[in-house]
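The values are calculated or read from the model by the stated rules, or taken from the named source; none is laboratory data. Source: prediction; values computed, not measured. FYI the Cβ positions are ideal-geometry reconstructions off the backbone, even for glycines, and counts take in every protein chain you see. These accessible areas exclude ligands, DNA and RNA; they are computed on the full protein's heavy atoms, side chains included. Shrake-Rupley method; radii C 1.70, N 1.55, O 1.52, S 1.80 Å.
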Amino acid sequence: MHRAARALRTGRTDTIGLTVSTLASVGNSRMLQAIAHAAASRGFALTVVTASGREAVADGFSRLHDQGIDGAVILNEATALARGLEVPPGLALVVVDSAPDDRFAIVQTDHAAGARAATEHLISLGHTVVHHLAGPADSFAAAERERGWRDALATAGLTAPEPVRGDWTAASGYAATVGIAREVTAVFAANDQMALGALRALTEAGRSIPQQVAVVGFDDVDDAADYSPPLTTIRQDFDQLAATAIASLVALIGGGKAEPVVLMPRLVTRASA
């Protein structure tokens, strides 16, 4: 049945929205791809709204509501911008990566558990000092990954050195690592792109990997196995995350409930650590 005719008959457009702060990061782009596929597999069209501030997110909600969108997924960094905003009536919302919020259904990776696994792996290799290349200070995922790193070190009776911080890009990982490249022996990077920048900085400083410095990333992006050396990392399943978010949203659109879902990542061991 034609989508417009179905909307007149059912009051639904079979269109969902995706609100995201940026598509420049590899993780967000990968999630967009996965969400578009998951939505299409259930017969939903997808409208994407990019919003870099709270007012832009609020305006995006209004536009989605005015277009008759059935519901929306709020992705990663945009969840912090959405916190406390008024949600238009009838707009079902699922957030990916967020602190508890009664207005939303929440789907997320257990970032802290993944970070603990990464740090514990480095400790198991004999490293007593594990540096952290952290993500943006306002990111829920980055904060959870930093928490997991700190927890693993504390459990092992080790001191957490001051983290260095990037913005998820390889360039920021390079810039953050240059200043510590000659002193570190183990680095847990909050995502694979920053790990890539760290690998470059360490190589330029004459450090061999993993003989002198072990490096672990997070995400297991498609190219991680082709880094030099291939990157040991924490794999979060973007496809499962997206499918779960869409399933939760469909349940809400249909008048049902959606319980919080936390997906467990896993360590993928390669040549960098």
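What to note about this one:
- Filtered residue count, the range 205-246, keeping only those that are under 17 Å from ALA40 (Cα atoms), in contact with a strand residue (DSSP E or B) (Cβ under 9 Å, 6 or more places away or on another chain) and open to solvent by 20 Å² or more (accessible area, probe 1.4 Å): 2
- Filtered by the rule that a residue be β-branched (Val, Ile, Thr) and within 18 Å of ALA195 (Cα to Cα), the range 124-166 gives VAL129, VAL130, VAL164.
- One residue from GLU77, GLU146, GLU120 being modelled with pLDDT of 95 or more and more than 14 Å from ALA186 (Cα to Cα): GLU146
- Single match in ALA190, ALA171 (criterion: among the small types (Gly, Ala, Ser), open to solvent by 30 Å² or more (accessible area, probe 1.4 Å) and more than 30 Å from GLY90 (Cα to Cα)): ALA171
- Residue pairs whose Cβ atoms lie under 7 Å apart, separated by 6 or more positions or on different chains, with the first residue in the range 217-237 and in a helix (DSSP H, G or I) and the second small (Gly, Ala, Ser), are ALA224/GLY217.
- None of GLY126, GLY148 is farther than 30 Å from LEU252 by Cα and open to solvent by 10 Å² or more (accessible area, probe 1.4 Å) except GLY126.
- Qualifying position, being of a type in the set (Lys, Arg), surrounded by fewer than 20 Cβ atoms within 10 Å (Cβ to Cβ) and not in a loop (DSSP other than H, G, I, E, B), among ARG182, ARG200: ARG200
- Pairs, first closer than 24 Å to ASP219 by Cα in the range 144-159, second among the aromatic types (Phe, Trp, Tyr) and buried (at least 17 other Cβ atoms within 10 Å of the Cβ), C-beta under 6 Å, six or more apart: TRP149/PHE188
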